[in-house]
1. If you take just the helices (runs of 4 or more DSSP H) that sit entirely in segment 280-364, which of them hold at least 1 residues that are within 16 Å of the chain's Cα centre (by Cα) and β-branched (Val, Ile, Thr)?
2. Which one of these does Lys293 not meet: (1) under 21 Å from Asn87 (Cβ atoms); (2) of a type in the set (D, E, K, R); (3) at pLDDT below 85?
3. Taking segment 215-252 as the search range and keeping residues that are aromatic (Phe, Trp, Tyr) and at pLDDT 90 or above, which one is farthest from Val191 (Cα to Cα)?
4. Which of the following residues is in a helix (DSSP H, G or I), in contact with a His (Cβ under 8 Å, 6 or more places away or on another chain) and in contact (Cβ under 8 Å) with a residue 12 or more places away in the chain: Phe108, Phe96, Phe102, Phe71?
5. Exactly one condition in (1) over 27 Å from Ser186 (Cα atoms); (2) loosely packed, with under 13 Cβ neighbours inside 10 Å; (3) among the polar types (S, T, N, Q) is not met by Thr358; state its number.
6. Within segment 182-201, which residues are surrounded by fewer than 20 Cβ atoms within 10 Å (Cβ to Cβ) and under 18 Å from Thr247 (Cβ atoms)?
7. For segment 317-347, enumerate the residues that are touching a helix residue (DSSP H, G or I) at 6+ places or on another chain (Cβ under 6 Å) and within 26 Å of Lys84 (Cα to Cα).
8. Can you say whether Tyr121 is of a type outside the set (S, T, N, Q), touching a residue at least 60 places away in the same chain (Cβ under 8 Å) and either surrounded by fewer than 18 Cβ atoms within 10 Å (Cβ to Cβ) or touching a His at 6+ places or on another chain (Cβ under 7 Å) (or both), as far as the supplied structure shows?
Amino acid sequence: MNKVNKITCFEYGILIYFLIRSMSLGISMDSYIHIGGVDGYLSPLIGMIIGFIPLYIFLKLLNYKPELNIFEKIDYLFGKKLGKIMNIIICFTIIFLVSVVFWNLLNFIGSQYLYRTSTLYVAIIFGICFIYTCTKSLNVLTRTSNILFYISIIIFLICTFGLIGNSKITNLLPFLENGIKNPLLSGLAHVAYSILPLYILLFIPKADINNNEKLNKTIIFFYLFTNIGKFIVIFYVISVFGIDLATIYEFPDFVLLRRIATTGFFQRFESILATQWIFDLFMMISICFNFIKYSFKHITKFKYDNLFISILIIIICFISSNYIFKNNTTGDSFLLYKFPYIMLIMLFILPLIVFIRTRCKKNT
């Protein structure tokens with residue numbers, strides 16, 4: 001990547017912000033409530049602490065051979081044949097991940113906004129947007145993320161201050177009635193949903209980031225900042241609704257926005273505020289598309305047109321998401337009880353193996 005197309009540390013941090021937030025709506029929120037229970041608001045904090053382990057591995061992999069992306073690093077560490085197999089596994093893992101996120105986006109849009117519109121039409125509209133972003137260079141995506149980041153922060157602050165008067169501390173009691181086990185399990189799910197996707201950003205070589213000597217501090221700042229933000233959201237959900245009422249809603253964090261008083265000035269104000277989650281999901285899918293694009297080109301060694309790869313990816317994701325999630329009941333059950341284990345195996349074990357190999361390579 002030439003100097004003109006390089007990204008800044010701040011832009012890289014914004015990508016981390018969106019990746020950590022991307023599964024909040026309808027995925028990680030369910031694990032906080034249904035697994036963590038009344039103590040579910042502790043889950044992001046517990047997950048943030050545990051998440052320093054994969055974050056440490058992420059930083060070590062990012063700093064190892066900074067001129068190479070993750071695909072090239074794997075080839076260098078494991079050789080061409082084994083490296084290609086590992087890169088193919090990682091590529092299919094991200095395709096599976098983006099299929100899940102794409103389904104979640106379509107499910108949210110279809111149930112809350114366009115409930116009379118066919119899912120196919122919604123998929124086509126968003127698919128065109130994803131295809132367009134995938135055909136552009138990475139710095140175009142990061143400039144877009146800059147704009148969406150500031151809008152997202154403004155919306156988040158409106159929600160945070162607008163809900164202060166609705167919170168009831170009594171809804172958070174009894175504290176740790178059933179011990180630490182449930183919020184701990186939910187915290188592990190938080191790691192699977194919100195921390196492990198950071199490995200996707202390893203497709204960007206550290207050398208392609210300007211002033212990268214400040215990168216580690218920037219990553220840690222955005223890591224803490226975003227996780228604390230997720231804690232605030234689940235804190236409000238449980239303290240405002242109570243755990244019994246929160247479990248009833250499919251998207252309790254969306255319903256929560258209806259409690260923000262506007263004195264009748266806005267109609268369906270929550271629909272405006274909920275765009276922050278659409279931004280999160282849009283950015284997550286766009287980042288995944290770029291990962292798959294670079295992975296596909298590296299594995300095949302062919303110079304495919306970006307448009308061809310983008311269309312192929314969106315077709316695969318739409319078909320696979322419809323195959324995996326035939327209805328909301330099976331989808332919710334899969335996301336709550338199976339998906340975290342798949343994430344922990346595929347997006348932690350594989351990077352851990354690569355990390356161990358880097359340690360061994362230094363000692364030989």
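1. 339-344
2. (3)
3. This residue is Tyr236.
4. One residue alone meets the criteria, Phe71.
5. Unmet condition: (2).
6. Of everything in segment 182-201, just one residue is surrounded by fewer than 20 Cβ atoms within 10 Å (Cβ to Cβ) and under 18 Å from Thr247 (Cβ atoms), namely Leu185.
7. Cys317, Phe318, Ser320, Ser321, Pro340, Met343, Leu344, Met346, Leu347
8. No; evaluated as a whole, the condition is false for this residue.
The values are calculated or read from the model by the stated rules, or taken from the named source; none is laboratory data. From a predicted model like this one, the values you see are computed outputs, not experimental measurements. Note that we place each Cβ from the backbone using ideal geometry, even for glycine, and neighbour counts take in every protein chain shown.
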